[in-house]
1. Across region A:61-79, what is the number of residues that are within 11 Å of chain B (Cβ to nearest Cβ), under 20 Å from B:Thr565 (Cα atoms), in a helix (DSSP H, G or I) and not aliphatic (A, V, I, L, M)?
2. Yes or no: region B:610-628 includes at least one residue that is of a type in the set (Gly, Ala, Ser) and part of a strand (DSSP E or B).
3. Checking the conditions here, which among B:Leu527, B:Leu567, B:Leu559 is within 14 Å of chain A (Cβ to nearest Cβ), over 22 Å from B:Thr628 (Cβ atoms) and touching a Lys or Arg at 6+ places or on another chain (Cβ under 9 Å)?
4. Please go through region B:326-348 and pick out each residue that is in contact with a Ser or Thr (Cβ under 8 Å, 6 or more places away or on another chain), surrounded by fewer than 23 Cβ atoms within 10 Å (Cβ to Cβ) and outside any loop (DSSP other than H, G, I, E, B).
5. Name the residues in region A:86-109 that are closer than 20 Å to A:Ser42 by Cα and either within 13 Å of chain B (Cβ to nearest Cβ) or part of a loop (DSSP other than H, G, I, E, B) (or both), would you?
6. Looking at region B:299-314 only, could you name the residues that are within 14 Å of chain A (Cβ to nearest Cβ) and farther than 16 Å from B:Ser370 by Cβ?
7. Looking at B:Ala436, B:Ala404, which is the one that is aliphatic (A, V, I, L, M) and loosely packed, with under 14 Cβ neighbours inside 10 Å?
8. Criterion first (within 19 Å of A:Ile85 (Cα to Cα), buried (at least 21 other Cβ atoms within 10 Å of the Cβ) and in contact (Cβ under 8 Å) with a residue 12 or more places away in the chain) does A:Val134 satisfy it?
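The values are calculated or read from the model by the stated rules, or taken from the named source; none is laboratory data. Since this is a predicted model, take the numbers as computed values, not measurements. Note that we place each Cβ from the backbone using ideal geometry, even for glycine, and neighbour counts take in every protein chain shown.
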Amino acid sequence: MAEPRARDVLSDAMATIRALVAAGLANDYNNVVSRRRGSAESVEYSTFTSGADLLSDVSYAELYESQLRDRLYAIRMLDGALLQINYRFISRRLERHRLAYLPSPLLVDFDDDPSVYIADELWADAVDHRQVPVPIRFDYDDRSSVFKPGVHPKSHVTLGQHKNCRIPVTAPISASSFVGFVTQHFYAERIPGLQLTLPSRPPRWTTSIDDLEKGMTHMVV
Amino acid sequence: MGGNVQTVTDGSPETDKLYVVRGTNQKPVASDALVEALQAIPGLVGHLYVGFPIGGVGANRQPIDVLLLSPEHGVIIFDVVEGTDFSGYTERQDDAATQMIAKLMGYKELVQRRKLTVAVESLTFVVGADASVSALDETDRVATTISLPSHLSALRDPISHEAFERAVSAIQSLNAIRRTRTPRRPSKSDSLGARLKRLEDSIATLDVKQGQAVIETVEGVQRIRGLAGSGKTIVLALKAAYLQAQHPDWRIAVTFNTRSLKGQFKRLINNFTVEQLGEEPDWENLRVVNSWGAPGGPDRDGLYHEFCRENGVEYRDFRSAKNMFGFEKAFSGVCGDALNSAPNPRQVYDVVLIDEAQDLPPEFLRLCYSMLSSPKRLVYAYDELQTLNGEGMQSPESIFGESARGRPLVTLSPEQDLILQKCYRNSRPVLSAAHALGFGIYREAPRGASTGLVQMFSQTSLWTDVGYAPVSGQLRLGHKVELARTEESSPRFLESHSTLDSLVEFKIFDSAQQQNSWVAKAIEQNLREDELRHDDIVVINTDPLTTRQNLSPLRVQLLENGIHTHLAGVDSGPDTFFAEGQASVTFTGVYRAKGNEAGMVYVVNAQECHSSARNLALVRNRLFTAMTRSKAWVRVLGYGPGMEALKAEFDKVVEEEWRLSFRYPTQGELATIAVSNREMSKEEEARVEETKASLAGLIDDLAAGRLYKEDLGPETLEQLQRLIGNGQ
């Protein structure tokens with residue numbers, strides 16, 4: 001099976017955005033575009049600038065606010081959560097990706113504003129105080145300088161911005177699969193009658209997981 | 001001196017007499033005398049501002065005591081002297097004139113070949129005539145009550161109406177205040193974009209009423225009523241800024257219901273203060289805050305939250321308020337509770353200004369009242385017709401209640417009760433159509449009902465209050481009447497940019513898909529050919545429950561055509577109804593659209609507004625709100641029999657040439673209408689359903705002989721007969 005190319009990933013991302021808009025989940029979005037820099041080709045949300053994803057020493061709330069303000073996302077979900085999509089190809093091979101889900105830390109605060117409920121009744125009963133918003137990142141990095149079996153898997157998922165949380169994942173993941181994962185676990189039950197039609201044949205990569213990591217608890221995509 | 005280009009003016013600013021707008025300055029007695037003296041001069045027309053905050057830039061600010069703007073004289077700045085010592089007058093006169101000239105020179109429209117097209121003069125006014133005055137001659141420009149008329153004649157320097165209008169606009173600095181988005185540069189002279197530009201350029205001055213509402217300070221409660229689009233928000237913002245300029249040590253709060261107003265208020269206040277005073281507002285003393293509020297910093301604060309904090313009362317968020325008092329009465333419940341828990345609340349504000357008071361419960365207004373020190377300067381503004389339910393808002397007597405001695409705490413004198421009749425947003429056709437549909441004026445009477453009306457003012461005078469006049473018949477209960485908007489209340493320039501039949505259009509489609517395709521094409525044309533910008537267009541779905549599913553397919557169509565859209569939703573911050581800085585068309589449910597306006601409004605799935613098993617008033621109100629978002633054009637679209645019936649009502653409006661022709665209901669009919677179409681809360685609805693169901697069961701049992709009426713017991717039977725028997 002030929003490995004997915006930039007254009008496959010691009011059309012998958014665009015179809016995903018379209019699906020989210022059609023389902024009424026996306027309040028706003030930025031187009032996903034392909035950009036060439038030398039032998040590298042990136043597929044990223046149009047407002048991305050390098051350095052944009054440097055997670056420096058700020059609180060999550062501050063991070064979220066600044067990403068929101070600068071429109072650093074592909075999708076803004078109906079509850080304020082941000083979805084970020086970045087792929088980088090070198091000589092037609094996937095070198096890295098970052099797919100991030102950044103929930104709004106303000107979610108629980110809708111309570112002080114009743115007009116919010118009146119304006120969007122669908123949402124009124126969907127806000128649940130028992131939930132904790134957790135940022136999730138699916139990262140892939142092929143470079144030998146970065147990869148360390150068991151410690152820094154090529155494909156991994158990070159929960160809650162914990163620096164050393166790198167749960168091994170079997171392979172790189174497509175934008176549509178990532179979005180399907182997020183919507184299934186964090187939105188489907190909150191929104192009755194949700195119909196999300198993601199691409200039926202998303203790009204798939206060959207397994208990249210190391211044998212050592214296969215023996216650990218890991219996620220299969 | 002004078003302008004040379006003829007532009008179409010809208011008849012404002014008013015120049016038929018001398019209009020006085022009374023603010024406050026440091027010389028009340030002498031100023032009053034001056035005003036009186038000026039009013040006594042025959043033929044003197046124009047605008048007279050007492051204490052309007054105009055200053056130079058920065059530290060050299062000199063307040064202007066009294067300012068006369070007259071077509072015969074241009075600008076005359078009065079240096080008012082309380083008492084008899086007028087020494088130093090030349091310096092004061094020169095400073096004031098220089099500052100004013102410098103300010104006006106900044107307005108290109110007032111400058112021709114480096115000279116102002118409007119004369120600027122200073123005149124000192126001394127009340128007490130004494131020998132030292134008579135020793136002066138006319139060139140010294142010191143006038144007394146007696147010599148005032150001759151001084152004024154000497155200063156005659158007529159200017160064109162256009163220059164006058166521009167001067168008023170410059171002085172009020174409204175252009176600067178309103179300037180928020182990038183200027184338009186249409187290339188075709190008659191595109192929709194060009195027409196919008198002309199429209200926006202005309203609305204550049206406060207009318208006298210608005211000016212009065214801004215500047216006139218009343219000791220006590222003040223109520224400002226008006227239609228949506230009558231400029232209430234601007235008036236409140238300017239008023240807040242003005243009060244701070246006059247009283248920098250006062251604690252002032254501005255509050256509202258809809259979050260998106262916060263950004264608007266801050267921007268208007270900031271622009272005005274910077275423009276007029278050359279510095280930023282003091283946000284410590286002038287707070288723009290939410291009504292409810294929450295813990296977590298000044299940005300999330302609100303007046304209710306502050307009350308709780310200041311008085312050690314338990315604060316409740318919406319969730320717990322909902323659990324305690326129900327969805328509808330959540331806010332009123334917690335405010336009432338808080339008031340009861342704090343019998344002697346701390347009075348932390350000198351002025352509180354409330355916008356959208358019709359959407360806030362009376363308990364909240366009372367709460368604000370209690371946070372004010374004497375003389376309780378509470379200014380509340382509301383939309384007379386936002387709810388259309390015939391009651392308008394409660395009277396101040398009933399909102400604020402009574403004192404311990406049983407006397408109403410608040411009664412409004414005429415100066416305290418301002419009505420802004422002019423609607424600056426909607427043209428006559430748009431507003432008349434919206435009213436006709438909102439009230440169901442041309443709706444067919446359902447079987448068994450004597451009228452098709454959905455709601456109606458129980459006080460006929462409300463119609464004139466909001467700018468209608470009877471053209472024929474009588475505006476009385478039980479009588480036929482024909483109402484039309486006056487030219488005064490609906491300036492014609494709002495409609496003259498386009499043909500009447502293109503302002504409001506109703507279209508019926510065969511299906512949602514057909515409707516969506518049409519809208520998508522129309523929007524594309526708006527953007528690609530009509531020179532409209534993305535933020536000139538708003539697409540509204542009136543039913544909150546169907547908004548997302550109705551609007552999504554249309555958004556997808558536009559996405560596929562490369563047109564960016566966003567859905568204004570719960571996550572939108574205060575300022576993000578329009579995606580500022582983005583070329584994106586706004587899609588929204590009707591409630592989130594409140595307080596916003598756009599040149600081109602598409603109301604989709606309007607068939608959802610034609611009728612409803614209950615809550616008919618509610619759905620018609622939604623249609624009214626949606627239609628009145630438009631600054632210029634409205635397209636009401638839908639499909640199905642409901643839409644056909646709605647269009648039939650609209651066609652009648654056009655046939656009647658935008659007049660409302662109907663028989664005013666009788667007292668009895670008013671009561672019936674109010675009851676059968678009333679807005680019901682979800683809880684009420686549920687209860688009604690339940691009761692209906694069990695009654696149906698009872699009827700069934702009686703009919704089938706499973707139950708006999710004797711089983712119900714004589715008392716119950718009697719009560720039932722009484723309640724139902726007389727058709728009450």
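1. So the answer is 1.
2. Looking for residues that are of a type in the set (Gly, Ala, Ser) and part of a strand (DSSP E or B), one finds none in region B:610-628, hence no.
3. On inspection, the qualifying residue turns out to be B:Leu559.
4. Within region B:326-348, just B:Leu339 meets the criteria.
5. Kept after step one, since they are closer than 20 Å to A:Ser42 by Cα, are these residues of region A:86-109: A:86-101.
Once the filter is applied, which keeps residues that are closer than 20 Å to A:Ser42 by Cα and either within 13 Å of chain B (Cβ to nearest Cβ) or part of a loop (DSSP other than H, G, I, E, B) (or both), region A:86-109 yields A:Ser91, A:Arg92.
6. Of everything in region B:299-314, those that are within 14 Å of chain A (Cβ to nearest Cβ) and farther than 16 Å from B:Ser370 by Cβ turn out to be B:Asp299, B:Arg300, B:Asp301.
7. On the way: B:Ala436 fails: loosely packed, with under 14 Cβ neighbours inside 10 Å.
That would be B:Ala404, the only listed residue that is aliphatic (A, V, I, L, M) and loosely packed, with under 14 Cβ neighbours inside 10 Å.
8. Spelling it out, it is not the case that A:Val134 is within 19 Å of A:Ile85 (Cα to Cα), buried (at least 21 other Cβ atoms within 10 Å of the Cβ) and in contact (Cβ under 8 Å) with a residue 12 or more places away in the chain.
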